[in-house]
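Shown next, in structure tokens, is the structure this report addresses.
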Amino acid sequence: MFRITQYMRSLTHNEPFVPRGKPSAPVVIWNLIRRCNLTCRHCYSISADIDFPGELSTDQIYNTLDDLREMRVPAVILSGGEPLLRKDIFLIGAYAKSLGLYVGLSSNGTLMDKNIADQIARTGFDYVGVSIDGLESTHDEFRQKQGCFKSALEGIERCKEAGVKVGLRFTLTENNAEQLPAILDLMHERDIDKFYLSHLNYAGRGLRNRKRDAFHQTTREAMERLFDRAHEDLLSGRNTEYVTGNNDADGPCLLAWAARRYPDRMSELKSRLEHWGGNASGIGIANIDNTGEVHPDTFWWNHHLGNVKERPFSDIWRNTQDPFMLGLRSQPRPLQGRCQSCAARQICNGNTRVRGYTQSGGDFWAEDPGCYLTDEEINLPQKIH
């Protein structure tokens, strides 16, 4: 996750850079259930409104949460499918909170009536992210269900009324990029705390819809708009948070944005971004799916490291000899193509591997086709035509 507001604040408030130690364990994104009441076009887990076999029991989840606490994971994000369809979701959330874990909830928002929102608040969830794919007609078409836009906004309002921190999650594609300004305005109008822009990754139904992925110039324009909005909010004193995910070229892009506005802060910002280190799949990010399989991140469901039903997560994660995982953790990573010679690789760390893997037909280290930086920006020689 790329925390735009955090880096932007360092520019606007002239904050000195003080390096801090990084967590020794990953943030765990846990797809507790694959069942969902929607069939979104970009779903990476290819969920449906049916029961899926082999999902973890409540006790198995408790045991794994105990292990995560002992491992000192910094956060657990409970996702799906739609996690609110698990009858024990509030028991799981309450148990995780009793262990002292930061616990987020990722939902489509359509099930969050007043009763559910109150239960979310009583459970103590630290944050709820609700996915919005555009304005009403676009969102309902993406989610393939009429009325779910209104339901999601009502769910957000119920959470806010219950005192729960809530944010919008927006997956950028060519089909909805032009609606980003309106969604950012909606965030202000509804006084929503946080905005998360997710770049489309090629996995699940996202793989089938990669032709809808935002073209590079469209992506660049969206990021410039997001940087400008975060900058404006900070200068006006508005307490909002902007983050992005699934395209670590956002780091070098912010550096280029800052060069035009804060040239005297460039050296310090570059140090901050290199300390962040870009893509954290297999290092600072982990995934557990609904059946207990462990993956390098949420987009690698075809790559299995072990199952928490058979071995503790801590053992699977720390003692893996999986070649791909060893490559993810190597410095530098064995990248190919323009990623190999990129001058910004210390910031982005080779970006999101799943896009290169998919586009190349199976090369883990192929260049990321989702990188929207120009050859000039990453110090590559001009292409000869």
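Among the candidates Asp375, Asp297, Asp315, the residue that is in a loop (DSSP other than H, G, I, E, B) and open to solvent by 20 Å² or more (accessible area, probe 1.4 Å) is uniquely Asp375. Of all residues in the stretch 170-192, those satisfying the criterion of being aliphatic (A, V, I, L, M), at pLDDT 95 or above and in a helix (DSSP H, G or I) are Leu180, Ala182, Ile183, Leu184, Leu186, Met187.
Could you name every one of the helices (runs of 4 or more DSSP H) located completely within the stretch 193-278 that has at least 1 residues being under 19 Å from Gly370 (Cα atoms) and either open to solvent by less than 50 Å² (accessible area, probe 1.4 Å) or at pLDDT 95 or above (or both)? Hits in the stretch 193-278: 205-208, 216-236, 250-259.
Checking Gly134, Gly129 one by one, the residue that is outside any loop (DSSP other than H, G, I, E, B) and of a type in the set (Gly, Ala, Ser) is Gly129 and no other.
Rundown of residues vs (1) at pLDDT below 95; (2) of a type outside the set (D, E, K, R); (3) in a helix (DSSP H, G or I); (4) in contact with a Gly (Cβ under 7 Å, 6 or more places away or on another chain), yes/no style:
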{"site": "Asp66", "(1), (2), (3), (4)": "no, no, yes, no"}
{"site": "Glu70", "(1), (2), (3), (4)": "no, no, yes, no"}
{"site": "Phe90", "(1), (2), (3), (4)": "no, yes, yes, no"}
{"site": "Tyr95", "(1), (2), (3), (4)": "no, yes, yes, no"}
{"site": "Gly100", "(1), (2), (3), (4)": "no, yes, no, no"}
{"site": "Gly104", "(1), (2), (3), (4)": "no, yes, no, yes"}
{"site": "Met112", "(1), (2), (3), (4)": "no, yes, no, yes"}
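Exactly one residue out of Arg353, Arg338, Arg329 is in contact (Cβ under 8 Å) with a residue 40 or more places away in the chain and either surrounded by 20 or more Cβ atoms within 10 Å (Cβ to Cβ) or β-branched (Val, Ile, Thr) (or both): that is Arg353.
Residues checked against (1) open to solvent by 50 Å² or more (accessible area, probe 1.4 Å); (2) within 23 Å of the chain's Cα centre (by Cα); (3) touching a residue at least 60 places away in the same chain (Cβ under 8 Å); (4) over 25 Å from Leu186 (Cβ atoms):
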site: Glu70; (1), (2), (3), (4): yes, no, yes, yes
site: Asp88; (1), (2), (3), (4): no, no, no, yes
site: Tyr102; (1), (2), (3), (4): yes, yes, no, yes
site: Thr110; (1), (2), (3), (4): no, yes, yes, no
site: Val128; (1), (2), (3), (4): no, yes, no, no
site: Ser137; (1), (2), (3), (4): yes, no, no, no
site: Arg143; (1), (2), (3), (4): no, yes, yes, no
site: Cys148; (1), (2), (3), (4): no, yes, yes, no
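For the stretch 211-264, a residue qualifies if it is among the polar types (S, T, N, Q) and at negative phi, and the qualifying residues are Gln217, Thr218, Thr219, Ser236, Asn239, Thr240, Thr244, Asn247.
I'd like to know if the stretch 192-204 contains one or more residues that are among the polar types (S, T, N, Q) and touching a Ser or Thr at 6+ places or on another chain (Cβ under 8 Å). Checking the stretch 192-204: at least one residue is among the polar types (S, T, N, Q) and touching a Ser or Thr at 6+ places or on another chain (Cβ under 8 Å).
The values are calculated or read from the model by the stated rules, or taken from the named source; none is laboratory data. Here the structure is a predicted model, which means the values were calculated and not measured. Backbone-built Cβ (ideal geometry, glycine too); neighbour counts: all protein chains shown. Just so you know, the surface numbers come from the protein's heavy atoms only, side chains and all, with ligands and any DNA or RNA stripped out. Shrake-Rupley method; radii C 1.70, N 1.55, O 1.52, S 1.80 Å.
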